[in-house]
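Any read-out appearing in this document is the output of simple, stated calculations on the displayed coordinates, not a laboratory observation. Since this is a predicted model, take the numbers as computed values, not measurements. Positions of Cβ are generated from backbone atoms using ideal geometry, with glycine treated the same way; all protein chains shown enter the neighbour counts.
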Amino acid sequence: MGEYVVAISIDKVQAFLYYMLQAQVQENQTNSGTLRDIVKSSNLISKQLYLDIGLEGDGAFSGHITDRLLVCSGMCIFTASLEEHQILTKLDRLFKTYYEMSTGQLLVKYVCFEKEISRDQDKLEAIKESKHRLRQQDCLNRIIDRHRALLFQFCSVPVYDPLKQSIVSDQEYEAFSPTINALYSEENADNDNHFRIAVIKADLDGMGALFERIEQYTEYEAVSNLLSRFICLNSLHEKTREYQNKDAGFKLYPLYMAGDDIFFAVAASRLLDGVNLCKDILRQLNDEITKWSKAHDTELAPLSMSVGIDFTFNREPIRYYYERVQHQVDCAKAAPSLQKGGAAVKASCVKVCVNEYVFYDFDMPKKDKDHYEDIPKWRYFIHDVKRLKGAMQQGFAAYHFFYGLLNKITDRTICSSNIKYSNAVLYHVLPQHLNSQNKELREFELLNIESILKQFLVKKQVHGSVKKPQSKNKKPEYELCFGAKAQRNRLEKYVRLLLLFSDQRFGVTGSEVTIKEFVFDKKRVRSTLFNKTLRYLYDHNLHGTVRGFREIFVKRESYEGPNGSRRPVQVYRTLRISSSMFHRLKKTDKIDIEKTAGMIQTVNQKTKEETGKLETERKEEKKAPPGLFFDKEAFCRIAHRTNLWTKDYIDTLLIFYQFNELSIQYKSLYPSDKQNASGGIRK
């Protein structure tokens with residue numbers, strides 16, 4: 001005959017904790033006992049439960065527990081030396097106690113079954129079977145049936161406080177902030193009742209799947225013990241104290257810490273510290289898992305974590321921001337895991353989600369840098385926020401820039417067309433300070449615009465049926481793509497984030513920022529901001545499929561540079577059309593093609609023969625070709641036949657010409673190492 005396995009778990013744990021916080025904390029934010037209530041609530045789920053069961057102290061099963069199989073937050077599994085009816089009587093009594101004490105907020109689920117246990121493998125099987133039975137609807141149905149008189153009767157709410165039994169010393173968790181209000185900094189001292197906080201919730205990923213894969217009881221027990229050791233209030237308090245030893249101004253207010261959940265609040269300006277604290281806990285946990293694996297000659301995959309972030313005011317009820325921050329956690333969990341070669345990468349990885357934008361944080365080997373180029377990285381985003389702050393300190397109007405861009409990319413009319421959308425974005429990001437004497441402002445602006453355009457970069461597609469084999473060491477090529485929904489959503493979320501962090505109240509990056517802290521890669525900036533932009537406009541928006549029309553205004557050519565250049569120099573030949581003329585052409589209610597042709601010809605009077613002669617001379621001198629000859633007849637003929645000459649087309653030309661001109665200025669300011677004096681783009 002086997003022993004009876006008893007499994008007990010508490011359902012609706014978080015619902016109870018948030019109910020207690022909402023009832024006792026939110027209405028009394030200035031009450032110094034706030035932190036004490038949180039600690040008591042957590043202890044009720046963990047320590048008090050174990051005492052009531054008899055795992056520790058004098059509880060229901062005290063003296064009858066023969067073996068503890070699993071003990072973790074809100075759950076325990078053990079074997080008992082009692083008859084089945086005796087076990088069920090004690091479990092029924094436990095259910096009633098917790099149900100009445102919590103006014104229905106807590107639901108104790110339990111199962112017991114007979115099983116022969118003589119080796120570790122039997123213990124593991126007992127744990128897995130217990131968890132399986134607890135998840136079944138039949139388990140809940142039987143409990144409801146046994147307690148239907150209690151569950152379906154009307155009763156008055158008890159006047160006693162379920163937390164009174166738990167005693168917590170004021171000195172036990174002195175490193176924690178006693179209330180949310182105490183998180184405010186000196187800058188908020190004049191208004192401690194209304195300031196921004198960052199709410200951070202972190203969940204370990206795939207814990208259920210991890211335990212399902214474990215085939216040895218010793219591994220199961222080790223992981224469970226490590227989770228109980230590191231995901232608890234004591235661990236969070238210890239980590240908070242470590243941060244305070246380095247920075248006395250760091251404050252943390254715990255909300256919940258047990259199982260695989262971490263939930264706390266910090267001042268908005270301490271967001272980075274809060275996220276780093278979660279990363280430290282994961283790193284420490286994975287280090288211990290690695291040590292255990294090596295000591296026992298086994299392989300346990302490192303754990304990963306999903307972190308959600310929400311900003312709120314200190315006075316907002318917890319039920320509101322809990323739902324929002326949980327949504328961010330869910331978005332992080334839904335994001336794909338790190339992939340390489342079509343398989344998930346077994347690495348310690350943190351996915352951080354704020355405003356539904358998911359970033360990845362992981363140790364990236366240099367050899368894999370190109371492989372993970374497309375993945376949004378948390379450390380890079382913080383780098384972007386810091387760079388934005390530096391630009392603002394130099395006079396960059398960040399709020400005006402991002403708010404204006406957001407209005408454009410959310411306009412339904414603009415979003416209805418790829419051409420309208422790409423034109424709107426590209427016109428908005430035209431550099432305004434390229435000729436500024438303030439070098440820091442100029443370079444900060446260029447780097448911030450580059451970060452905007454990076455949201456549209458995708459790996460270049462190989463067209464045609466034959467693909468040339470690529471070298472393994474060759475870096476993938478990228479191109480701009482404005483039509484894909486994924487890129488548009490990505491930009492909108494990114495802009496909203498930068499708009500949020502442009503607010504001085506979210507100063508998460510320290511004080512003064514200088515351009516020296518950033519790498520200004522002139523080649524990369526030129527490639528993203530000018531080369532790829534011009535190529536996109538030329539290939540997509542200028543209708544190259546209509547033979548001859550695009551080449552009337554823009555023609556891509558190459559020429560052999562002087563001094564024995566290895567590669568031909570690529571240029572865009574254009575007409576002489578000013579920005580003011582483009583704007584005049586757009587303002588007319590009805591576009592008059594003949595009138596347009598006449599206006600353009602007045603500033604492009606060279607004949608075809610004169611232009612051809614100049615082409616020959618420049619080719620012999622190994623210089624860039626001259627501007628284009630304006631073929632008035634071809635323009636009128638094709639424009640009438642195709643109806644291509646529209647305001648959108650004029651917009652595209654205006655943007656192309658301005659980027660083309662700025663590209664020339666950029667190359668003058670930042671010449672390449674091999675650029676010669678006659679290089680560049682000629683008009």
A chain fully extended from residue 114 to residue 593 at 0.36 nm per residue, minus the present Cα-Cα distance, gains in nm 163.4 nm
How much net charge surrounds residue 495 when only the other residues with a Cβ under 12 Å from the Cβ of residue 495 are counted, with Lys and Arg +1 and Asp and Glu -1? +3
Cβ-derived FRET efficiency at R0 35 Å, residue 335 paired with residue 129, nearest 0.05: 0.60
Summing +1 per Lys or Arg and -1 per Asp or Glu among the other residues with Cβ less than 15 Å from residue 145's Cβ gives +3
Karplus couplings for the range 590-601 from phi (6.51 cos²θ - 1.76 cosθ + 1.60, θ = phi - 60°), rounded to Hz, Gly and Pro as x? 10, 6, 9, 5, 5, 5, 4, 4, x, 5, 5, 5
In whole angstrom, largest first, the equivalent ellipsoid semi-axes that the Cα gyration tensor gives for the range 48-149 are 22, 17, 13
Among residues other than residue 598 whose Cβ falls under 10 Å from its Cβ, what is the net charge (Lys/Arg +1, Asp/Glu -1)? 0
Label-point gap, in nm, between residue 403 and residue 531 - each point 7 angstrom along Cα→Cβ: 3.7
Peptides 60-66, 646-652, 577-583 ordered by average Cβ neighbours within 10 Å, highest first: 646-652, 60-66, 577-583
If the limit is 23 Å between Cα atoms, which of 201/377; 532/595; 386/493; 555/622; 239/279; 389/454 go over it? 532/595
Least to most buried among 356, 610, by other C-beta atoms within 10 Å and fewest first, runs 610, 356
So the compactness index of the range 205-250, its C-alpha Rg divided by 2.2 N^0.38 Å, takes the value 1.61
Once R0 is set to 30 Å, what does the formula 1/(1 + (r/R0)^6) return for the Cβ-Cβ distance between residue 92 and residue 47, expressed as a FRET efficiency to the nearest 0.05? 0.85
